[in-house]
1. Given R₀ = 35 Å, FRET efficiency for Glu72-Asn131 by Cβ-Cβ distance, to 0.05?
2. Starting from the Cα of Ser148, step 7 Å along the direction of its Cβ; do the same at Lys97; then give the gap between the two resulting points in nm.
3. Express the carbon and sulfur contribution to the solvent-accessible surface of the chain as a percent, rounded to the nearest whole number, probe 1.4 angstrom.
4. Calculated from the structure, Rg/Rh (Cα atoms, Kirkwood Rh) equals which of (i) 0.94; (ii) 1.04; (iii) 0.96?
5. Check the cysteines of the chain one by one and keep only those with no other cysteine Cβ under 4.7 Å from their own.
6. Averaged per residue, what accessible surface does the stretch 79-166 expose to a 1.4 Å probe, in Å²?
7. Below 16 Å, Cα to Cα, which aspartates and glutamates can Lys144 reach? Residues fewer than 8 away in the same chain don't count.
8. Percent relative contact order of the chain, based on C-alpha pairs within less than 8 angstrom and at least six residues apart?
Amino acid sequence: MIIVITDACFLIDLIDIDLFEEFLGLGYQVHITSSVFSELEGDEYVKPVSKCIKQKKMFLYNLTAADQTALEKLMRKHSSRLSEPDCSCLYLAKEIKATILTCEKLLTKVAIKLNIDAHGSLWVLDQLLDNSIITKRIAYRKMKELISINPRLPVKECQKRLKRWG
């Protein structure tokens, strides 16, 4: 079983391109920290995530006081530019030996430095396609949608996939 920790931007991208349910269909054990969940509050993104937590399709990890202390230490040690929610993903990933799913370049860079696997939306599109959850036609269309809402995606990698799926 693949265990993953998601950050807010990753979930937002999946929900925006309407692949959140399909992502959950991959069968990963999906975790979100209370800090990341708080980032979603007040937006339309909190509803589908809350529903999945209630249905036990996702797991909410509530940070304790001891966790907060460890997070602060992690932030000081690795990058003061990482947000507290991003550090909560790093912390939990190390604790439960999970992969981080994020669209944040800095979070990915620090995760790799800490020997934590990290992937983004493109990897998930590949997984959805490889597991026959979506077709090439859908993957192509969703990639186009993703490019239109997330300008920080790696252009060359997106183009490779569009060429392969088009």
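The values are calculated or read from the model by the stated rules, or taken from the named source; none is laboratory data. Because the structure is predicted, anything quoted here is derived from the model rather than measured. So basically every Cβ, Gly included, is an ideal-geometry build from the backbone, and we count neighbours across all protein chains shown. Quick note on the areas: whole protein, heavy atoms, side chains included, nothing else; ligands and nucleic acids left out. Shrake-Rupley method; radii C 1.70, N 1.55, O 1.52, S 1.80 Å.
1. Working: r = 38 Å, r/R0 = 1.09.
Step by step, r from the Cβ atoms, then E = 0.35.
2. 4.3 nm
3. Numbers: 4660 of 9010 Å².
Its accessible area is 52 percent carbon and sulfur atoms.
4. Structure-derived value, by its label: (iii).
5. Within the chain, the cysteines lacking a partner Cβ under 4.7 Å are Cys52, Cys87, Cys89, Cys158.
6. On the way: 5020 Å² over 88 residues.
For the stretch 79-166, the solvent-accessible area averages 57 Å² per residue.
7. Reachable aspartates and glutamates: Asp13, Asp16, Asp18, Asp126, Glu157.
8. On the way: 208 pairs, mean separation 43.1, N = 166.
Dividing the mean separation by the residue count of the chain yields 26 percent.
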